[in-house]
Structures are given as C-alpha cells and as structure tokens.
Amino acid sequence: MCSLLRKHLHWNLLKLVCPRHTIIYTQRLLSVVTPDIIVPRKMKGRFASEEQKRIITELVIKSSSSIIDWDALKSSVLSINRGYINEKNINGCILEACSQQKRLDLVKSFMKYVKQCSHGKPNIALELLYIRSCYKSRSELTDNDQYEIQTNCQSLFKNNLHLLNSVLLEGIVMGICCTPLWRDSLKFIKESKVEDNISLNTFVSVILRAFEEEEIDLGWTTVQNMFNLHRIIPLEIVAAWFNVCEKNVNCSHRRVLEFLRDNEYIIRENLAELIRSKLNQSGIKTTTTMIYHNNGKCKNCNQVLEHAEVTNSDFKILQERFLSDVMIGKNIFNNSSPQELSDFKDFIEITAPYDVVVDGLNLAYAYRGKIGDHSLTKFVMKSFIEKKLKVLLIGRKHLVKMLGKEFDFIKKNAHIFFTNDLSKDDPFVLYAAMYSGIDTKILTRDLMRGHKYLLGDAIIKSIFQKWLQKHRLGLRIRPGNEVIIKEPITYLQATQESANGIWHMPYQEFKEPGSWSKPDSSPDKWMCIQM
Ligand SMILES: [Zn+2]
C-alpha cells in the first residue's frame, strides 16, 4: 500500500477516535502545503485545487492494486478547503483521473464503490463518464464487462429517449461499440433523431469498430456521412483503414486516395505524412513535388494534371443555385440592410456584365503590410482599366480617402459599389460575378469556404470549387513592390489519378497559429505517388 494511502487511512482512523484532534492535525498538515505567509490570498483556491488533484492522481498512478479505500481518498481530498473539488463533483474527478491514466481496474473498482454508496444508481453524467473510460481501455474489457456495458447502454437509451441529445447519444454509441452488439449503434443513431448534430466521436466509434470487424462498406459509408457533416477525416480513421489493409489483401490503400479524390478534399500535412509513411511501408514510392502554375505539369514525373472543367450547363446550375437559394434563401447577406441589398441588385442589373470583380476590402487586408496603403488597389484597378476590361470594385466608403487623387480616375473608368461597414463583402463579389456570367473573373483572397458549404450537394460544391479556381485571379508581389496579376489556375487542385496510375495529392502545410499564409487557395504542397 502506498504511503499516501496509509496517510489517508491514518487520518480517517484519527477521525474516528478523536474527531477534534483530526481537524487540527489536518489544518496543520495543510498549512505545510499551502503556507499562509507565502501564498497570496487570491491564489489559495488554485493551490488548493491543485493539491486536491495531486492527491487523486498520485494515488491512481502509484496504486498497484484495485483495492482502494475510496472513502479515505474522498475525505482527504474534501478536507482541503477552497479547492474546486467538492461533494458534488468528486466522483467525476476521481473517475476522470482513473480514466486519464487508463486504469481500467480502478475505473471498475471506483464505479462499484459508487454503486454501493448510491444503492446501484449513479447519475447519468457519471454513467457516461464510466462508459467513456471503458471505451478508452476497450481492448482490456472482459466478457462480463462488455455485458454490463451493453445492458447499461440499452437501458440508458430506452429510459432517456425523450431527452436524447448528441452528448448522450455519443456516450451510448461509444459504449455499445465496445460490445458484440456494436451494430445496434446504427439503430440508436437512427432512432435518436439528432442526425444533423451527431458528434464526430459518435461517427469515429462506429467507423473504428466497423473497420476492426472488416465491415468495409459500412465503415466507408459512415466515413462519408461523418465527412458530410464535419468536413474532417481524423487521423485515427485513416490509420485504422491502413490496419485493415495490412490484414486483408482485398483492401487497398487506394481507397483513401479515392475518397480524397471523390470529395475533392485537401488534407493537412499531418494526415499527408501518415499516408506517406503507410504507403512507403507498403513499398509505394512517394515524392514531395510542385506543380507548374502555367501548365499544370508535375515537376517530379512530368505528368500534366487534369483540367478543371466547368461547362456552360454546369455554370447555369451553379448560377441558379447561387442567385436564388444560397445568396437570398440562406440569407448570407444577413449583415446588410434590405435597402443596401436592393440597391446593390439594381446596380448590378443596370451595370453587369463585368470582366472582373475586385474585392477591395479583402485585397487591402490580405496584403496588409506587404505593400503600402491602398497602392495595391490603385495598381490593380489601373492595370485592368488599361487592358480595357470592364471592372467592378466592391469596397468600403473609406476607400475614397485612401485612393486620394487616383479615385477620380478609377471612378471615371470603372464601376464602384460601396458597402456598409458591417456588411461582408464576399457575397457581393460572388453575386456580381455569378450574375455576369461564366467568363467573369474575380480578384479576392477569400476562400469562400462558407459559401461552398451552403451549396448543399457534392456535385454543385465541386462545380463551385472548379469555377472559383478557374476564375480567381491571383497576385504576386516581388521585391521592390512589383505587382504581378496571375491568371487563374486551370488544372484541377484535388487528389487525382493519371492514366498511367500515378496519383497526385495536394495538401496544406502545417502553419504556426498566426503565421502569414499565402494569399490564394492553392494547396501548399503536392505529393506524387507512384503506385
Ligand atoms: Zn508527379
């Protein structure tokens, strides 16, 4: 038995024989831990909480047996005044500590103790925490444990159907996924009626179990459902799929690449590196490469990437969806006044179509600090005007001052619409461009991700992505403030397979929070994969 526990037991024994003495003894001990002279008054609470946590964690880490005097632990923690752990939350705190250390034996022992104290009925929050703790150590669960969890989950579901929310559902699904009845999770999800709010962990629990059981179709259908709702693929899902591939020769690494291709999803560097290492382990060669902007050629293998194609009929579908459902129906102009919106629509009807629509505010922000004041806007506008293009500049009223004497020239040769300070400019830019037609280009750094997700179905999202990429001009600023307007990228910026079986996978590199990212949506890196 550890010394700490011995100490707690000693305190308890003292309490029994001489309660008054114990109080004094405890206070004296505490004064050693948090002496009044050194600790500022305000800090007492934090120090007391840390001491409470330390007592629990130390016991959990050091205990070599699951036979613990939980009463003694609780009273020694609660004997410390001013800490955040109290009578109401102590059970949760102890269980959480056991769970964090993945001490399934202590998790079970403590829950047994709680059930004895509360005559078999712990509250739902503790019940859910217990299930999550078991999920963390699911590989160690015995048949009896699984049976107990299964019964728990079934009754939790049955008894709480009326108040089932995504948190409760997540706990129940995590629990049932630890048991042979894991397929019931699908029934629970369906009957819960929280479809739009199913948590990521709920999906992940089902997917991991489905992959473990090699229920491949079920696994991937759930991956797709998860992706549709959360737009994310957790690393553990991809790692689990690669594990399936190692065990089952009928399963291929390609499935991950196909998923990225079909969803045109650009992953982050950490997932790309996981894919790289797994492919390399299977003897597949991967090379970090770059794609030449002007012709879409891979520097490594010389293959030309697929062309991003947007046909007239594709554009018509996109235009209709945008101008009616998305822009107006879903109210993305919600920061604009109805009068402003109405003025804007009238203005566009009279003045469109444009060759180029410039997002003035975005331009100013995106390149802030890179080039002085609004000289970038001046340069860009003058350059379009000189090419005899019909340009619309969307901006804020303060631009007039910033542009100074150049404003008159721009005003004379281009169209300008000023929005209110509260309005978001990107819906105006998209509206003007969509209204103008398939050939109109836009100049913005905004990735318009929010709008893409409002479009609903995957086909329209894909058309939008391609349209955006093919119609968005870029800027490059060279030393000496030389500004170059870059034509849009014409190759498809998504994972793709060439005719000769070489895959190209784009990904975003890891960036420190707050670091400056380059002002266009093109992926930072590409991987050339020779299958
Ligand atoms: Zn290549």
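The values are calculated or read from the model by the stated rules, or taken from the named source; none is laboratory data. Every value quoted in this text rests on a predicted model; they were computed, and no experiment measured them. Here the Cβ positions follow ideal geometry from the backbone for every residue, glycine too, while neighbour counts run over all protein chains shown.
Before moving on, here are some points about what is shown:
- Residues satisfying the stated conditions in region 278-291, i.e. more than 16 Å from the ligand (Cβ to nearest atom) and in contact with a Phe, Trp or Tyr (Cβ under 9 Å, 6 or more places away or on another chain): LYS278, GLN281, SER282
- The residue that is surrounded by the fewest Cβ atoms within 10 Å (Cβ to Cβ), counting only those in region 77-102 that are in contact with a Phe, Trp or Tyr (Cβ under 9 Å, 6 or more places away or on another chain) and at pLDDT 90 or above, is CYS93.
- A single member of GLN465, GLN496 is under 29 Å from ASN302 (Cα atoms), modelled with pLDDT of 85 or more, surrounded by 19 or more Cβ atoms within 10 Å (Cβ to Cβ) and touching a helix residue (DSSP H, G or I) at 6+ places or on another chain (Cβ under 9 Å), and it is GLN496.
- Extreme residue, modelled with the highest pLDDT, among residues of region 506-522 that are within 18 Å of the chain's Cα centre (by Cα) and either within 16 Å of the ligand (Cβ to nearest atom) or closer than 25 Å to ASN280 by Cα (or both): TYR507
- Scope region 60-76; condition surrounded by 14 or more Cβ atoms within 10 Å (Cβ to Cβ) and of a type in the set (Gly, Ala, Ser); matching residues: SER63, SER66, ALA72, SER75, SER76
Yes/no per residue for (1) farther than 20 Å from TYR507 by Cα; (2) at pLDDT 90 or above; (3) surrounded by 19 or more Cβ atoms within 10 Å (Cβ to Cβ):
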{"site": "LEU229", "(1), (2), (3)": "yes, no, no"}
{"site": "PRO234", "(1), (2), (3)": "no, yes, no"}
{"site": "ALA239", "(1), (2), (3)": "no, yes, no"}
{"site": "SER252", "(1), (2), (3)": "yes, yes, no"}
{"site": "ARG255", "(1), (2), (3)": "no, yes, no"}
{"site": "GLU258", "(1), (2), (3)": "no, yes, no"}
{"site": "ASN263", "(1), (2), (3)": "no, no, yes"}
{"site": "GLU269", "(1), (2), (3)": "no, yes, no"}
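- Residues of region 193-213 satisfying the condition of being at pLDDT below 95 and either more than 20 Å from the chain's Cα centre (by Cα) or under 22 Å from TYR507 (Cβ atoms) (or both): LYS193
- Entirely in region 98-186, the helices (runs of 4 or more DSSP H) that have 2 or more residues that are among the acidic types (Asp, Glu) and either closer than 24 Å to ASP69 by Cα or in contact with a His (Cβ under 8 Å, 6 or more places away or on another chain) (or both): 143-159
- First in region 454-481 and in contact (Cβ under 8 Å) with a residue 60 or more places away in the chain, second anywhere and of a type in the set (Asp, Glu) and surrounded by fewer than 20 Cβ atoms within 10 Å (Cβ to Cβ), Cβ under 6 Å, 6 or more apart: SER462/GLU264; ILE463/ASP314; GLN465/GLU264
- Scan of region 468-493 for residues that are surrounded by fewer than 17 Cβ atoms within 10 Å (Cβ to Cβ), out of contact with any helix residue (DSSP H, G or I) (no Cβ under 7 Å at 6 or more places or on another chain) and closer than 22 Å to TYR354 by Cβ, ordered by number: ILE484, LYS486, GLU487
- Single unsatisfied condition, ASP143 versus (1) modelled with pLDDT of 95 or more; (2) crowded, with 18+ Cβ neighbours inside 10 Å: (2)
- Output for region 361-400, where each listed residue is of a type in the set (Lys, Arg), modelled with pLDDT under 90 and in contact with a strand residue (DSSP E or B) (Cβ under 8 Å, 6 or more places away or on another chain): LYS370, ARG396, LYS397
- So ASN294, is it over 29 Å from the mean Cα position of the chain (by Cα), within 16 Å of the ligand (Cβ to nearest atom), part of a loop (DSSP other than H, G, I, E, B) and under 26 Å from ILE484 (Cβ atoms): no
- Selection from region 51-97 of residues that are under 20 Å from GLN116 (Cα atoms) and outside any helix (DSSP H, G or I): SER65, SER66, ILE67, ILE68, ASP69, ASN86, GLU87, LYS88, ASN89
- Restricting region 298-323 to residues that are assigned to a loop (DSSP other than H, G, I, E, B), in contact (Cβ under 8 Å) with a residue 40 or more places away in the chain and within 16 Å of the ligand (Cβ to nearest atom) leaves a set whose member that is surrounded by the most Cβ atoms within 10 Å (Cβ to Cβ) is LEU305.
- In region 226-238, the condition of being touching a Ser or Thr at 6+ places or on another chain (Cβ under 9 Å) and assigned to a helix (DSSP H, G or I) is met by at least one residue.
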